[in-house]
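Everything on this sheet refers to the single structure shown next.
FYI, it's all coordinate maths here, none of it is from the lab. Small disclaimer: the values here were computed from a predicted structure and weren't measured. Backbone-built Cβ (ideal geometry, glycine too); neighbour counts: all protein chains shown.
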Amino acid sequence: MSLLSVRDLTVKFAMREQTVTALNGISFDLAKGERLGIVGESGAGKSITGFALMNLLSRPGYIDSGEILFEGDDVVQMKPRALQDMRGNRMAMIFQDPMVTLNPVLTIGEQMVETLRAHRQLSREEARQIAILKLREVYIPSPEERLEQYPHELSGGMRQRIIIAIALLLDPQLIIADEPTTALDVTIQADIMELMLELCQSNQVSLILITHDLGVVSQMTERTMVMYAGRIIETGSTRAIINDPQHPYTQGLINALPQQTKPGQRLKQIQGTMPALGRIPAGCPFNPRCEYATATCRSQIPPMSQFAQVQVACHEVQRLQFEAEANRKEELA
Amino acid sequence: MFAYLVKRAIQAVAVMFAISLIAFAIQGNLGDPLRELVGQSVSEEVRQQLRDELGLNDPFLTQYLRFVGNALQGDLGTSYFFKEPALEVILKKLPATLELVLGATVIIIGFSVPLGVYTAIRPDAVLSRVIMALSILGISVPVFLTAIMMIFVFSVEWGWLPSFGRGDVVHVWGYWETNFLSLDGWEHILLPSVALASIMLPLFVRLIRAEMMEVLQSEYVRYAKAKGIAPWRIYFIHALKNTLLPVITVGGVQIGTMVAYTILTETVFQWPGMGFMFLEAVNRVDTPLIVAYLIVVGFIFVVTNTIVDLIYGLVNPTVNIARMGA
Amino acid sequence: MSTALPRPLLDIRNLEKRFDLDHGLLETVKLRGGKLTREMRSVHAVNNVSLSAQKGEALCVVGESGCGKSTVARLVAGLLEPTHGEIHYDGSRIDNLSRGAMAPLRKKIQMIFQNPYASLNPRMTIQQTLEEPVRFHNPGYSKGEMQDRVVEVMRSVGVDPAWSKRYPHEFSGGQRQRIAIARALTVDPEFIIADEPISALDVSIQAQVLNLMLEAKESRGLTYLFITHDLSVVEHFGTRVAVLYLGSVCEVAETRTLFENPKHPYTRALLSAVPQLKDDRPNHIRLKGEIPTPINLPPGCPFQSRCPMANARCSEEKPMAQKQPDGSLVSCHAVEEDRITEIA
Amino acid sequence: MSSYIETPNQSRLNRIWQSHMAYSFRRNPVAVVSMAVFLFIAVTSFLAPLIAPYNPYDPAQIDIMNSEYPPAWAEGALPEFLLGTDDQGRDLLSTILYGTRLSIIIGLCAVGLQAFLGISIGLLAGYIGGRLDSLLMRLADIQLSFSTLMVAIIFLAVTQALFGSETFNRYAIFFLVAVIGVAEWPQYARTVRATVLAEKKKEYVDSARVLGFGPMRIMVRHILPNSLSPIFVISTVQVANAIISEASLSFLGLGMPPSQPSLGSLISSGFDYIFSGSWWITVIPGIVLVVLVLVINLLGDWMRDVLNPKLYKG
């Protein structure tokens, strides 16, 4: 049985003028110990997915329909008390910007101890000892001193380590990490990624890594899900997605990276921009930007189907494959 | 944060210096001390002699330094009307005003925090809407009008509560007589302190609500929820502490306004405090008393504001005066 | 290959910029161990930086946050005044000019900013935003000439001139960045300072903007000073690269040389830390600790606290830039003494 | 040379801006009603000389024998005095109309003075910065901590004692405008400075500097238009506050004299008669005052919601 099973999850935002759909019937499964990457550009709905899994959407967002089965319980139907017991305990979250995630007026110690005591019957001292242990695990020097410090006294990288330590405090089954390294510098980012990978593997924790950076996904996850305008458009093993993407958007995303083009040459760009919520076109949401779009694409939403090594939602995937083949032959000839 | 402390101290001294200059200017230009001393029917020669004796012909600086020197020793002149040292007159009236301010402060703090927090947590509840509607009405009614209306309703129409004076006060120590040790005292102080609180309370409710709502939107509150922290702890530990930081600064500024409003409240309720005394002194052109009031009130402002600044520094970990030298 | 080069278009010599943290006498006084001491804290944002760019080049400045790369850009743009050092443009010194004397240069040197949501005045239409600099620098232009100019730059950045009556908030981030580029192009500059122009944009939009900048470079013969933290962009866009760490230059080299044969330990660590698409294991050089704050820097090499090669000399003496056989300039004692070993 | 661009810009800017404002205004019944009530009070009071049944400033029309008649609906009323008469026999309706006009004029003039001082000082402090900025802002903090009302009471009390009531009463309106206007400058100055500082950091200002524009042009053309929202919002609140301040000062006898009553002095003169049952002299002008201030505050609230500026605090 999978650890997490999401079925037809739909999230809407009740704006003043209209209600817009931010997540449109997404479904996926996550096995115990598996690391899944959710990739997309801003507005794709990847962060909303992360918060929806915790049932932590803030107004005006709400889960409209669907179910999120986590260890057999439906998170969507959970009572506030049950949610509170689950969050931070069985399912933990790492936020994007470590500079604003920790409460500025509480010491690191207070913020760690309260998390432990919210879920376990522990004395302050016991909780403190566990906190120190976990800080050691994330390689924080002199953890006893850190507990007495306030967030503003620590650097961004240090804070993100502490946030990872807090996520691990109660040995959760699943960690959702929302762009955990985006706000950090490259050298620090590499450290944090390595640390997360090591901890997930050694503790058998499942990970959902939400990011816009294909490079990060490539190094951290086993499976990848590509999102566009509130839908999953392609999913499969990370290797398959990176090496042989099928959806024109995924292809475009990878080809647009500067590494994919010879220096000085024009990058292969995707035209246009991601549509704003509420202005998502009929049919395939990608059709206005897609060079392969047909009349079908403009009217019908493509279903998910297995193709090559991945599952992809594209009407024209076969033609694409055919053309790619032809191009390759041409190049060879 | 050594600089923080020194700066506050220097500022306090500078403000007191400015107040003393103003007070001195008023003393020199308002009324004629000779007339108060000897009346009109004295010849010009005797007047000049008296002026010399009183040092009124000395150069400005000498006169000012004498004024400050006397003030530092607690000598702020003698009230023309009471024929007593001005400072003593004020000190006698001070407890009445302080008790009034205390009563109002307790009401403001006691109600504004729960109401502000409640309306921030449940912005759509009917009760919140009622509280917010009342609060905007509250800030639209001037203090003196609230006071009058309360007298009209509770004293004139229903006759429940007394409309003026302090009633039976119990002597505690020195000049301090208190309202809080007799039922009659409580009855007398109730309306004035409610009236004094009436404009500040809605202001604080709205301020706390606005700050709290902003804090509740913050990333760290969302993070606390994601950690499974209980709601009460999120509201009262995570959010409230951050909410109160800006509220403290605004609160410090409002102390001045509060003292100003005591003048209005005391006038309506004929409360025998400093404010009421000040207006009487103005009507009687009792210059030493006016000057003394100015200095005492200025001193209270400076002290309270400095204390508020220090509290802010202590509460806010990013200012951090608790760890000096760090 | 850099020996017989003509006079560089931009020449930065020993540039320094400090920001004082403590203003006034009082803040410099500290209570230490019961004694009053006086100390000035200042941020050493840029320390003794020398760089030059030839005409037609795209000089990239890379580094992590706090390395002073944006400060360098703002110093060259004249938004900040250097504490020490000189900036020469086309043979004449520009860092000490008054605003009036600077005016003719403003047409030549333009700047593109990071955040497209803040770099356009929200209360001005696109037309007004683009017209203002044209009018300001060409008072003699007729209304028709001005209109032509605006239409021309809008076309050249791929924004439909029919939208010129709209306000910035009606455009997406990518389109705003195009408009910001258009604004810089209105005065027909020859040198463009681009401060992280694509880092606030989505991947698919980054490619669009980068292509636009490449096009402008070719069609207008522009020279770029390109500030970025993204090494993959550098490899693609830059002709030469300068790596900055804590306000000092570690290494300057031709792009290809730098990527094929990085020499400075920091450059190596930086390159190895970029997550690669095709390889599925993070395999980077781990640096000790974190970037120190640039407040009151200690003597010696700025990188010593994290450098795996650091020794006693590194903590005492600041390394000078040394020319390497392949033409790159490296400031590192270890490289100079040939102590660098392969580190994994 | 810039006038050419200014005009079309201004009107277009207004059009866009107003359409957004107008839309949210139409959708907000509280704002619509508040505006209607405010306009009603403002128009009737400014037309007081035309529509008021009596002229309270004309001694020939006042008869002390008419004093303390209750409003028309109460027992023992005279039908010609719709809202009754005050202690001096003046028609209360007419006196209220004239008094409201005075209150509004003093409020608007005082806020105009505040805005002029505060915006100039705020722009200066924000744009120049440095020592001048810290000095001005410290002054503003100190001034604020003493509170407008306190400063006004002391200033007016001393002035009154210095000049004597007769001279004071003659120029009371100017003293009031001056003291409320001067004492409240920090509100504007701090708000404007905070916005200027926030705007100055934005890259469009840097871009204007790189394009070679001068500081005056950047201030006026770029920064000021983007600082207007908070100025609008605090202006409404300030008018409400100024009217309350004026009423409070007049109530204390430090403002408008009873011969030329504003709403505050009317309430004050009626207060003595409240115990003898003549409640209307206090209550009716009191209600007018509260309604006037309330609708202005409600409009301010609405404007704050629509423009949502980041206001200065703490």
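Observations on the structure shown:
- Scanning chain C for DSSP H helices at least 24 Å long along the axis (C-alpha atoms) with a Kyte-Doolittle mean no lower than -0.5 picks out C:203-220.
- Selection from B:Val282, B:Val153, B:Ala197 lying farthest towards where the dipole of segment B:88-284 points positive, charges on Cβ: B:Ala197
- Net charge dipole, segment A:104-206: roughly 260 debye, given to the nearest 20, about the Cα centre with Cβ charges of +1 for Lys and Arg and -1 for Asp and Glu.
- Residues B:Glu280 and C:His169, FRET efficiency given R0 of 41 Å [Cβ-Cβ distance, rounded to 0.05]: 0.10
- Where a label projected 7 Å from the Cα of A:Asn243 along Cα→Cβ would reach, residues of segment A:304-323 with amide N under 13 Å: A:309-310
- Counted residue by residue at 0.36 nm each, then reduced by the alpha carbon distance between them, the extension gain from A:Arg7 to A:Thr182 reaches 60.1 nm.
- A Förster radius of 60 Å, combined with the Cβ-Cβ distance separating A:Gln306 from B:Ala133, puts the computed FRET efficiency at roughly 0.50.
- Segment C:10-245: translational diffusion in µm²/s, Stokes-Einstein, Kirkwood Rh over Cα pairs, 25 °C, 0.890 mPa s: 127 µm²/s
- Peptide A:115-125 has a mean shielding of 2, counted as Cβ atoms of other protein chains within 10 Å of each residue's Cβ.
- Helix axis angle, B:44-54 relative to chain B longest principal axis, alpha carbon, degrees: 50 degrees
- Between B:Ala14 and B:Asp75, the contour length at 0.36 nm per residue exceeds the alpha carbon distance by 19.9 nm.
- Computed E for A:Arg59/C:Lys143 - FRET, C-beta separation, R0 45 angstrom, nearest 0.05: 0.35
- Cut-off 12 Å, label 7 Å out along Cα→Cβ of B:Val170, residues of segment B:185-213 by amide N: B:185-186
- Links that overshoot a 23 Å alpha carbon limit, given the list C:Lys17/C:Lys318; C:Lys69/D:Lys200; C:Lys107/C:Lys323; C:Lys108/C:Lys323: C:Lys107/C:Lys323; C:Lys108/C:Lys323
- Whole-percent P(r), the protein assembly as shown, all Cα pairs, 10 Å bins from 0: 1, 7, 13, 17, 19, 16, 11, 8, 5, 2, 0, 0, 0.
- Of B:Leu56, B:Leu201, B:Leu115, the one that fluctuates the most in a GNM where chain B has Cα springs shorter than 10 Å: B:Leu56
- Positive end of the dipole of segment B:160-258 (Cβ unit charges, origin at the Cα centre): among B:His188, B:Leu216, B:Met258, the Cα lying farthest that way belongs to B:Leu216.
- For D:Trp185, B:Trp232, order by how many other beta-carbon atoms lie within 10 Å, fewest first: B:Trp232, D:Trp185
- Using 0.36 nm per residue and subtracting the Cα-Cα separation, the extra length available between C:Ala103 and C:Ser65 on full extension is 10.5 nm.
- Point-to-point label distance, A:Ser27-C:Glu86, nm (Cα→Cβ direction, 7 Å offset): 7.3 nm
- Computed Rg/Rh of chain A, alpha carbon atoms with Kirkwood Rh: 1.00
- Evaluated with a Cβ-only charge set (Lys, Arg +1; Asp, Glu -1), the protein assembly as shown carries a dipole of roughly 2580 debye about its Cα centre, given to the nearest 20.
- Along the axis of the charge dipole computed for the protein assembly as shown (Cβ charges of +1 for Lys and Arg, -1 for Asp and Glu, origin at the Cα centre), the listed residues A:Met86, D:Thr44, A:Ser305 are led at the positive end by A:Ser305.
- Two-decimal log10 I(q)/I(0) for segment A:1-152, as the Debye equation yields it once each C-alpha is a single scatterer, q = 0.21 Å⁻¹: -1.32
- Ranked from largest, the principal axis spans of the Cα set of segment B:88-284 equal 63, 38, 32 Å.
- Peptide C:263-271 - average C-beta neighbours from other chains (10 Å radius): 1
- Taking every DSSP bridge with both residues inside the protein assembly as shown, close to 65 percent are antiparallel.
- Cα gyration tensor category, rounded, prolate or oblate, for segment C:267-344 with a/c compared to 1.5: oblate
- Across segment C:10-245, Cα pairs under 8 Å and at least six residues apart give a relative contact order of 29 percent.
- Helix B:86-121 axis versus longest C-alpha principal axis of chain B: approximately 10°, rounded to the nearest ten.
- The mean number of partner chain beta-carbon atoms within 10 angstrom of a residue's beta-carbon across peptide A:194-205 is 1.
- Beta bridges by DSSP in chain C, antiparallel share as percent, to the nearest 5: 60 percent
- Axial C-alpha extent at least 15 Å, average Kyte-Doolittle at least -0.5 - helices from chain D (DSSP): D:29-46, D:92-128, D:130-146, D:148-163, D:172-183, D:228-251, D:280-307
- On Cα atoms only, tilt of A:317-332 relative to the major axis of chain A in degrees: 70 degrees
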